[in-house]
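Here the structure comes first, spelled out in structure tokens, and everything after it is commentary.
The values are calculated or read from the model by the stated rules, or taken from the named source; none is laboratory data. Only a predicted model underlies this, so the values are computations on that prediction, with no experimental measurement involved. Positions of Cβ are generated from backbone atoms using ideal geometry, with glycine treated the same way; all protein chains shown enter the neighbour counts.
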Amino acid sequence: MALGVLTQCRMATTGQMHRMIAPSVRIGQARRKLARLHAEGLVDRIILPRAGQTRVWFPSRTACNSPVSGRRCAGTGPPGPCPTRPPCC
């Protein structure tokens, strides 16, 4: 579910993912799920140094080519803003 949500949003912070996939549990569970997906090579992250080390997650190239994500991704690498639709997060 987390990978599908992230594929639809294109990118999200750990906190945003927590609120979308499991708001009723502690944020640590969302962190562990994202870390597991990162270890499997399905998501990548960038760390924003000026935002208190906030992690921004996005689907990896492997995930974009995987049927698990539910659809193909538009691009590779950290996506930029999408002007045709409002951000999902």
inquiry  = Looking only at residues that are at pLDDT 90 or above and in a helix (DSSP H, G or I) in the range 36-69, which one is surrounded by the most Cβ atoms within 10 Å (Cβ to Cβ)?
reply    = LEU37
task = Assess whether ALA30 counts as being outside any helix (DSSP H, G or I), out of contact with any Asp or Glu (no Cβ under 6 Å at 6 or more places or on another chain) and either modelled with pLDDT of 85 or more or loosely packed, with under 14 Cβ neighbours inside 10 Å (or both).
result = no
